[in-house]
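J.: Here it is: the structure, laid out below.
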Amino acid sequence: KEIRSSLPGIDFATPSFLKEDIINFSLLEKFDERAKESGCVFDVLSIRFLDEEKKDTIQRNKDELKEFLTYLRGNNLISQKKIIIEDFSFTNQDNLLNDTIFASSYLTKNLIDNITDIHSLTKDAFFDSFGYEIQKNPFVGKSGIITYNGIKKATYNIDIFFSKLGTTLLKRGKNFLVTMKGNKIILLLNNYIHYSQAYFENPTNPIYQSD
């Protein structure tokens, strides 16, 4: 309360909640109750979409983010909070799809589908980490949007594309947005195709080069 009174206009965010913990353990409900008892008001709800500690998670459901946001609304867990989705990806493991246009199309699909419901959607890293032996091939399936040696991946371009859209949303549909900026109409088109059931069941990836 003291900080809010001395710094009017700033937003206060909740701790970062794991999506699974919100669903399975009602942590957000308990947090909201405790915050209300203490007279604390939070403006931003921060949620980690994937659990990095959970081994080899791959999203089977392409609409999981949309359905999760519906769950939050249905249980009155959003109220007027801005929503930030952290660590957004289709997988929490090293996966060569992270280095392909599929990853950018997946990100674009979810931004289009949920653009009116979320304030921000973030990746867990800007650059690929150095937690492995540097390979001749810089594309090793890490989740950053730039390789360790500075090559921009397809996911990097999503920020560029969305920054060029207009501020007025005219229409949204499956795989497209129509926006307006001044007297210009600006469209964003996507062509998302989800990975197959066969890939989901056996996502083997020879990520590291062998001698």
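J.: Does residue 165 satisfy being aliphatic (A, V, I, L, M), in contact with a Ser or Thr (Cβ under 9 Å, 6 or more places away or on another chain), open to solvent by 60 Å² or more (accessible area, probe 1.4 Å) and under 25 Å from residue 85 (Cβ atoms)?
T.: In short, no.
J.: Taking residue 11 as the residue in question, decide whether it is surrounded by 14 or more Cβ atoms within 10 Å (Cβ to Cβ) and of a type in the set (Asp, Glu).
T.: no
J.: Scan the stretch 83-96 and report the pairs whose first residue is assigned to a strand (DSSP E or B) and among the β-branched types (Val, Ile, Thr) and whose second residue is at pLDDT below 85 and open to solvent by 30 Å² or more (accessible area, probe 1.4 Å), with Cβ atoms within less than 6 Å and a gap of 6+ or a chain change.
T.: none
J.: Follow-up. Just to verify a result, which residue in the stretch 168-188, among those that are of a type in the set (A, V, I, L, M) and closer than 19 Å to residue 121 by Cα, is surrounded by the fewest Cβ atoms within 10 Å (Cβ to Cβ)?
T.: Here the residue is 169.
J.: Of all residues being part of a helix (DSSP H, G or I) and modelled with pLDDT of 90 or more in the stretch 131-180, which is farthest from residue 95 (Cα to Cα)? Just the residue, please.
T.: Filtering first and then ranking leaves 163.
J.: Filter the stretch 68-82 down to the residues that are among the polar types (S, T, N, Q), free of Cβ contacts under 8 Å to residues at least 12 places away in the same chain and farther than 12 Å from residue 42 by Cβ, then identify the one that is most open to solvent (accessible area, probe 1.4 Å).
T.: Residue satisfying both the conditions and the ranking: 76.
J.: Next question. Please find, within the stretch 36-50, the residue that is surrounded by the most Cβ atoms within 10 Å (Cβ to Cβ) out of those that are in contact (Cβ under 8 Å) with a residue 12 or more places away in the chain and closer than 14 Å to residue 80 by Cβ.
T.: The residue in question is 45.
J.: Which of the residues belonging to the stretch 36-76 are in a loop (DSSP other than H, G, I, E, B) and either at pLDDT 85 or above or of a type in the set (Ser, Thr, Tyr) (or both)?
T.: Passing the criteria: 42, 43, 49, 57, 61, 62, 63, 75, 76.
The values are calculated or read from the model by the stated rules, or taken from the named source; none is laboratory data. Computed from a predicted structure; not experimentally measured. Cβ: placed from backbone, ideal geometry, glycine included. Neighbour counts: every protein chain shown. Ligands, DNA and RNA are excluded from the accessible area calculation, which covers all protein heavy atoms including side chains. Shrake-Rupley method; radii C 1.70, N 1.55, O 1.52, S 1.80 Å.
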